[in-house]
1. Provide the per residue accessible area, probe 1.4 Å, for the chain, rounded to a whole number of square angstrom.
2. Lys15: which lysines have alpha carbons under 30 Å from its alpha carbon, excluding same-chain residues fewer than 8 sequence positions away?
3. Rolling a 1.4 angstrom probe over the protein chains, ignoring ligands and nucleic acids, what is the accessible area of Leu28 in square angstrom, nearest 10?
4. Using just the Cα positions, wrap the chain in a convex hull and report its mean projected area in square nanometres, one decimal place.
5. About the Cα centre of segment 150-296, how large is the charge dipole given +1 on each Lys and Arg Cβ and -1 on each Asp and Glu Cβ? Please answer in debye to the nearest 20.
6. Using only the alpha carbons of segment 251-300, what is the convex hull's orientation-averaged projected area in square nanometres?
7. Once you put a point 7 Å from the Cα of His24 and another 7 Å from the Cα of Gln86, both along the Cβ direction, what distance in nm separates them?
8. Calculate what fraction, in whole %, of the accessible area of the chain sits on carbon and sulfur atoms when a 1.4 Å probe is rolled over the protein chains.
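The values are calculated or read from the model by the stated rules, or taken from the named source; none is laboratory data. The structure presented is a predicted model; accordingly, all values stated were derived computationally and were not measured. Here Cβ is always computed from backbone atoms with ideal geometry, including for glycine, and neighbour counts include all displayed protein chains. Protein only, heavy atoms only, side chains kept; ligands, DNA and RNA dropped before computing areas. Shrake-Rupley method; radii C 1.70, N 1.55, O 1.52, S 1.80 Å.
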Amino acid sequence: LLALKMAMERKRVIKLISQYLYEHDFPLTLKALEAESGSIFRGESILKTGELESILDEHEQSRQERMRYASSVFELFEQGKGEYVQKLLCSTEDFSDGENLLVVRMTRDGGIVLGSSKGKIIMGEVSLPLTEDSTTSIPTERNICKGAVLCLDFHPKQRNILLCGSMDRSVLVLDLEKEDPLVQKFQNHSKYVVRCLWAPSGSSFVTGSYDRTVCTYSKCSDGSYQKKDVLRFKGAVEALCFKEELDIFVVGIRDDNMLHCYDLSSGSALKLCDINLNSFGDNYVSFTPMHLSFSPGGKCLLISTGFSLF
């Protein structure tokens, strides 16, 4: 099939060029093309007038639109003040006791939680605003799962509620103010849970796994959460993000040239669209989105990839 498609595309290109030579009175060049290609141009097989020029004009228009769009994106970065992080103000070296730390999350008021390779969460406080004199509280540890903690997310409206995804395939809802923090446990994935995120409304959350699925959960009338949807993809889930202040989320998949967008505002996932990561609209997979983040205001989406690309 691929060979047939390539042969058909070659014939079409020769036909377009032949028509151009015919319309612009290049008989000698046309005869040379016919002799080398073995394809004889006949007037009765002519395409619409100016077909080749029309294709080239469309390509040039598309190129200019991409350039204008790229310029508008670059303007986002030209408005900065040139200020950036230059030195370490605070360290948490004493938090882990030698364990590998795989994920860290921090609240706006200085609460900090870290997930370790041994199934622990380590909690503490950092004094804000950050200065060279900032201190960290004595950390406390909780053993919460059998596998490594791979992802964490604080509830957007209740700082004590934490969402956790683990290498043991479990998803946990935790209340950090309780002696036994486990509120609910879910085992809906068959491989590592690598992404978990609360929706901005706090009434739903989503989880993503290397089992090629995203699960959505919504809050019940009794305050508990239940699984609503299982979204299946053709590759492992690598990235998830919500749009600020909206229960709209985007999924990035390994070996997939599309980003997949859903609306969770009704409690169930409604498919909005797929976004092709290739500017020419083809299906070639040139990179994997490893992390997604909306810009303030939600106009642009930053895609961090598995290569040196953004």
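1. Numbers: 19130 Å² over 310 residues.
For the chain, the per-residue accessible area is 62 Å².
2. Reachable lysines: Lys5, Lys31, Lys48.
3. 140
4. Details: hull surface 93.1 nm².
Projected over every direction and averaged, the Cα hull of the chain covers 23.3 nm².
5. Charge dipole, segment 150-296, about its Cα centre: 260 debye, nearest 20.
6. On the way: hull surface 17.3 nm².
If I average the Cα hull's projected area over directions, I get 4.3 nm².
7. Simple spin-label model gives 5.7 nm for this pair.
8. Values: 10090 of 19130 Å².
That share works out to 53 percent.
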